[in-house]
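Heads up, the thing below is written out as structure tokens.
The values are calculated or read from the model by the stated rules, or taken from the named source; none is laboratory data. Quick caveat: nothing in here was measured; it's all calculated off a predicted structure. Positions of Cβ are backbone-derived with ideal geometry, glycine not excepted, and every protein chain shown enters the neighbour counts. To get the accessible areas, we keep the full protein, side chains included, count just its heavy atoms, and leave off ligands, DNA and RNA. Shrake-Rupley method; radii C 1.70, N 1.55, O 1.52, S 1.80 Å.
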Amino acid sequence: QVQLVESGGGLVQPGGSTWLSCAASGSIFNIKAMGWYRQAPGKQRELVARITSGGNTDYADSVEGRVTISRDNAKNTVSLQMINLKPEDTAVYYCNVRIARSSLEYVYWGQGTQVTVSL
């Protein structure tokens, strides 16, 4: 199986910044993409950003320009830099990895890390 270990986040003031990281380990054969999703109370989980194995990135409209996703292929980690944070960024952020194995694709999730943007 694949394990995802997340770190970072916490309490940040509006306009501040934070850094999230996620390390994947376990039965990894071919990572297609890694990314971050978030879920606020009472809302659906939504994409924040993702990056493919080829380096292509995709950002949610709500965070584009304030977020940068990067990946360290050698360490199987993905990081998310967030700047100019807003209260609406408050959510549990989940690391996501998509892996191809035996012609099938699998999706794995981290346990989530809290990001709270507040005074």
### Summary
For region 1-14, pairs from a residue that is more than 18 Å from residue 92 (Cβ to Cβ) to a residue that is open to solvent by 60 Å² or more (accessible area, probe 1.4 Å), with Cβ under 8 Å and 6 or more apart or across chains, are 2/106; 13/119; 14/86; 14/87; 14/119
### Conditions (1) closer than 22 Å to residue 28 by Cα; (2) open to solvent by less than 80 Å² (accessible area, probe 1.4 Å); (3) of a type in the set (Asp, Glu): number failed by residue 89
(1)
### Task
Tell me, yes or no, whether region 53-72 has at least one residue that is more than 12 Å from the chain's Cα centre (by Cα), open to solvent by less than 60 Å² (accessible area, probe 1.4 Å) and farther than 27 Å from residue 100 by Cα.
yes
### Query
Hey, residue 103 hits all of (1) open to solvent by 70 Å² or more (accessible area, probe 1.4 Å); (2) in contact with a strand residue (DSSP E or B) (Cβ under 7 Å, 6 or more places away or on another chain); (3) small (Gly, Ala, Ser) but one; which does it fall short on?
(2)
### Query
Restricting region 7-38 to residues that are open to solvent by 60 Å² or more (accessible area, probe 1.4 Å) and in a strand (DSSP E or B), which is nearest to residue 73 (Cα to Cα)?
32
#### Entry: Total residues in region 106-119, condition open to solvent by less than 80 Å² (accessible area, probe 1.4 Å) and in a loop (DSSP other than H, G, I, E, B)
3
